Amino acid sequence: MPELRDLYQEVILEHSKAPRNYKALESANYKAEGYNPLCGDRFTVYLEMDADKIREIGFQGAGCAISKASASMMTQSVKGKTKEEAEKIFHRFHDLVTGHGQGEDAELGKLAVFSGVSEFPMRVKCATLAWHTLEAALEGKQEKVSTE
Amino acid sequence: MSAAAAVPIRGKAANRSFDVERIRKDFPILQTKVHGHPLVYLDNAATSQKPRAVIDALVRYYEGENANIHRGVHYLSQIATEEFEKARETVRAFVNAARASEIIFTRGTTEALNLVAQTYGKTNVGAGDEVLITAMEHHSNIVPWQMLCAEKGAKLRVAPMNDEGELLLAKYEKLLGPKTKLVAVGHVSNALGTINPLKQMIAAAHAKGAVVVVDGAQAVPHLKVDVQDLDADFYAFSGHKMYGPTGIGVLYGKQALLEAMPPYQGGGDMISSVTFEKTTYNKVPHKFEAGTPDMAGVAGLMAAIDYMNGIGIEKIAAHEHELLEYATEVIGAIEGVRLIGTAREKAGVLSFVLDEVHPHDIGTILDQQGIAVRTGHHCAQPVMERFSIPATVRASFAMYNTKGEIDALALGIRKVREVFA
Ligand SMILES: Cc1ncc(COP(=O)(O)O)c(C=O)c1O
């Protein structure tokens, strides 16, 4: 039986209460908005790109603990990375939360706390909303992304 | 009073002949275990569970009666047709319509409302006219009217509500004017539980010459509905929210209105004769029932009504009212809980938010304890906006729920607070 504590890990709760990089970036040259109509979660991701590199990142919005913590930890993990590196992390993260990962994944670092999500299929979209939004921002798409 | 001091009395005190434990035995799914806990099903406003009698009716239909209706001279077709028309009569009596021909079978509330918009609406609402709805409507009683208004160049007006979730009747009456061709209103709000003062609203609309369409999806499971007493012009509801099967619903319409309306869909059964030059339509209600209907669904709906009648809708209402009062007290007393929808007249629904915890997280934690609630905007985004919240947690009750289950919900919410402490 899936355990609640596997999902709501301390780190996740802590990030949801005090999200990092929670700001609209004045200097942003890319941004995208993500929306999950099922639960009303809504985030905007701001990027300041220096050629191919994410120099600054911020996000704002409202959502459940999982989506908010995921957005917060995402900003920490992709800051300073190239577009390609960030996309690679997203794919690994996606595998992790959907249960397709290969066990321990050192490259995911702190993001490994989201492994419990795979036991809660209804919550995968919460964990990936900010990432889909990041992907859209990286693609330079201006339209809203939706996880439905 | 603290919640812990409240003793579960399982609904027997005020409603002596109502035996909830016996009723629970009629619903096979209530034996389900979820994550090792007994299922506590509090998502009845989304869809109710089905008693054995309804499940059996579906099986009986396919095992002993299945044939297409109104089409064959053979034995089974005749039986199926008779059962189908008997069900229509059962529905007529259930809502006290004047005639069985005023009962049209649809897929559900949504289809019934769209039917009115596409037929009555299209022929009676024109450029510059107005359609009036309320601020607490379900999306299915908003979008069909928006589509109609966009197509016709008509205007959608919205009657507001107060912070308790009660319609502002004086404002509603002010919005009614010579341009108002149609009023579409929910009898009971699915997001807030508010019972609207329908009789007064209909009388006011009629005084201005407007026709009234009622979304009764959340009313028929909980209240005795009398369409003649209400003087409703149209009344829509779904079988699956009142212990019946999915895929079947009802549109009641006054005979004279139905007769004057064009058909909805074209096809078999809705015609009396077809040539390539000219088609004559069948009489009501068949004019609005093109194609082979959900005959098993109709049999199931009839069984659901028979089942409800067997218990007594007044007794069901009394039991649910007691549950709602108890839940309001017990859940409302939990620190951090804010009830959304505190109208004086309510049925079946307790919506709330908890501190800063997102309803989605609450839903997951409750589910781990076997408790099924709905979390989200409940297909009523404008209601969420009105209260400046993204979503609520909604517990909604049916005849088989108990005070013990509400205690379980209260315990579950305390667990949520622990996780997020
Ligand atoms: C108030 C209200 N109206 C309409 C509907 C739509 O009903 P259905 O989906 O059965 O057509 C619902 C149910 O979701 C409802 O609660």
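Bear in mind that the values in this text are calculations on the coordinates, not laboratory data. These numbers come from a predicted model, not from an experiment. Here the Cβ positions follow ideal geometry from the backbone for every residue, glycine too, while neighbour counts run over all protein chains shown.
Among beta bridges identified by DSSP and lying wholly in chain B, the antiparallel ones come to about 60 percent.
The GluC sites (Glu not before Pro) found in the stretch B:356-412 that occupy coil by DSSP, while having at most 12 further C-beta atoms within 10 Å, are B:Glu356. Taking 7 Å steps out from each Cα toward its Cβ at B:Glu345 and A:Thr98 produces label points 5.0 nm apart. Comparing B:Gly291, B:Gly244, B:Gly300 in a Gaussian network model of chain B, where Cα atoms under 10 Å apart are tied by springs, the biggest mean-square fluctuation is seen for B:Gly291. Given springs between every Cα pair under 10 Å in a Gaussian network model of chain B, which of B:Thr246, B:Thr32, B:Thr328 has the largest fluctuation? With Cα springs under 10 Å in chain B, the top fluctuation among B:Thr246, B:Thr32, B:Thr328 is at B:Thr32. With each label modelled as a point 7 angstrom along the Cα→C-beta vector, the B:Ala260-B:Asp229 pair spans 2.7 nm.
Among the listed pairs B:Lys152/B:Lys208; A:Lys17/B:Lys415; A:Lys125/B:Lys50, a Cα-Cα separation exceeding 25 Å is found for A:Lys125/B:Lys50. Only Lys, Arg, Asp and Glu carry charge here, each on its Cβ (+1 for the first two, -1 for the last two); on that basis the protein assembly as shown has a dipole of about 840 debye about its Cα centre. Estimated from helical segments only, the mean residue ellipticity of the protein assembly as shown at 222 nm is -11000 deg cm²/dmol, where each DSSP H run of four or more residues counts as -39500 (n - 2.57).
Computed from phi, the 3J(HN,Hα) profile of the stretch B:158-166 under the Karplus parametrisation 6.51, -1.76, 1.60 (θ = phi - 60°) reads 10, 7, x, 10, 8, 5, 8, x, 9 Hz, with x in place of Gly and Pro. The angle between the Cα long axis of helix B:198-207 and the main principal axis of chain B comes to about 40°, on a 0 to 90 degree scale.
Across peptide A:33-45, the average count of Cβ atoms from other chains found within 10 Å of a residue's Cβ is 3. Residues in the stretch B:82-99 carry Karplus couplings, in order, of 4, 5, 4, 6, 5, 5, 4, 5, 4, 5, 3, 5, 4, 9, 6, 6, 5, 9 Hz; the curve used is 6.51 cos²θ - 1.76 cosθ + 1.60 with θ = phi - 60°, and Gly or Pro positions show x.
Summing Lys and Arg as +1 and Asp and Glu as -1 over all other residues whose Cβ lies under 9 Å from the Cβ of B:Phe352 gives a net charge of +2.
Pairwise Cα separations in the protein assembly as shown fall into 10 Å bins from 0 onward with the following percentages, short to long: 3, 16, 23, 22, 19, 12, 4, 0. Sorting the segments B:362-371, B:70-79, B:51-60, B:19-28 by their residues' average number of neighbouring beta-carbon atoms within 10 angstrom, most packed first, yields B:362-371, B:51-60, B:19-28, B:70-79. What aspartates and glutamates could a cross-link reach from B:Lys287, if we take a straight Cα to Cα line under 20 Å and drop same-chain neighbours fewer than 8 places away? Those aspartates and glutamates meeting the cut-off are B:Glu82, B:Glu83, B:Glu85, B:Glu89, B:Glu102, B:Glu111, B:Asp233, B:Glu259, B:Asp269, B:Glu277.
Look at the stretch B:359-372: the mean tally of other chain Cβ atoms within 10 Å of its residues' Cβ atoms is 4.
For the stretch A:33-49, the Karplus equation 6.51 cos²θ - 1.76 cosθ + 1.60, evaluated at θ = phi - 60°, returns couplings of 10, x, 9, 10, x, 5, 10, x, 5, 8, 10, 10, 10, 10, 10, 10, 9 Hz by residue, with Gly and Pro reported as x.
Using a Debye calculation, one point per C-alpha and no hydration shell, please list log10 I(q)/I(0) for the stretch A:2-140 at q = 0.12, 0.21 Å⁻¹ in order. Per q value, in the given order, log10 I(q)/I(0) is -0.41, -1.30.
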